[in-house]
Every structure is written in C-alpha cells, then in structure tokens.
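None of the figures in this text is laboratory data; all of them are computed from the coordinates on show. Note that this is a predicted model, so its numbers are computed, not measured. When we count neighbours, we look across all protein chains shown, and the Cβ atoms used for this are built from the backbone with ideal geometry, even at glycine.
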Amino acid sequence: MELPRALFQPPDDRDGDGREGLILRCTECGGELGYLRAEGVLFCARSRLRFPITEDGIPVMLIDEAERLDQAAVDALVARLP
Ligand SMILES: [Zn+2]
C-alpha cells in the first residue's frame with residue numbers, strides 16, 4: 001500500500017531543529033502527533049484521535065481506524081509527553 005505523500009515532510013530538516021527524517025502528521029488536521037514510545041500511543045491532541053499501531057510497529061493513519069478520545073483522556077496523554 002502506498003502512503004499519501006501529504007503525510008510526510010521532506011527529510012531535509014527544513015525547520016532547523018536538528019531532527020531529520022520523516023514526520024508523521026495527523027491525517028485529519030495535519031497537525032503534529034504526540035507519541036508515547038513506552039506505551040506505543042500515537043495521538044493528535046487537536047483532533048482528539050488516537051491512531052493504532054500494529055504489532056509490527058506500523059502506525060495506522062486511517063481516520064476510520066482511529067479512536068476518538070474525550071478531552072480528559074487527551075489531557076492525560078499530553079501531560080505524559082516528554
Ligand atoms: Zn489532528
């Protein structure tokens with residue numbers, strides 16, 4: 001399956017923050033995603049969506065497959081971001 005190009009930023013460190021490589025964006029609003037590595041949680045605070053990650057570690061960015069969180073759940077996840 002080919003992923004939509006719009007999901008990715010080019011790997012050229014355009015914003016100069018020293019991070020290079022591909023960055024996943026929310027497929028609903030285009031915003032940056034929060035990621036809790038230890039728990040394998042990938043979410044968008046703005047859209048209140050949690051995107052599933054397969055057993056192989058592949059994020060599933062389909063909105064139909066995402067879980068819509070309530071605001072309290074989002075706040076709890078944001079509070080745990082590094
Ligand atoms: Zn979003």
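Around the amide H of L33, modelled in the peptide plane, lie the amide H atoms of C26, all under 5 Å away and 5 or more residues distant in sequence or on another chain.
Annotation for D75 and R25: the two label points, set 7 Å from Cα along the Cα-Cβ direction, are 2.9 nm apart. The orientation-averaged projected area of the convex hull spanned by the Cα atoms of the range 27-82 comes to 3.7 nm².
The HN-Hα couplings worked out from phi for the range 60-66 by the Karplus form 6.51 cos²θ - 1.76 cosθ + 1.60 (θ = phi - 60°) are 9, 9, 7, 4, 5, 8, 7 Hz, whole numbers, x standing for Gly and Pro.
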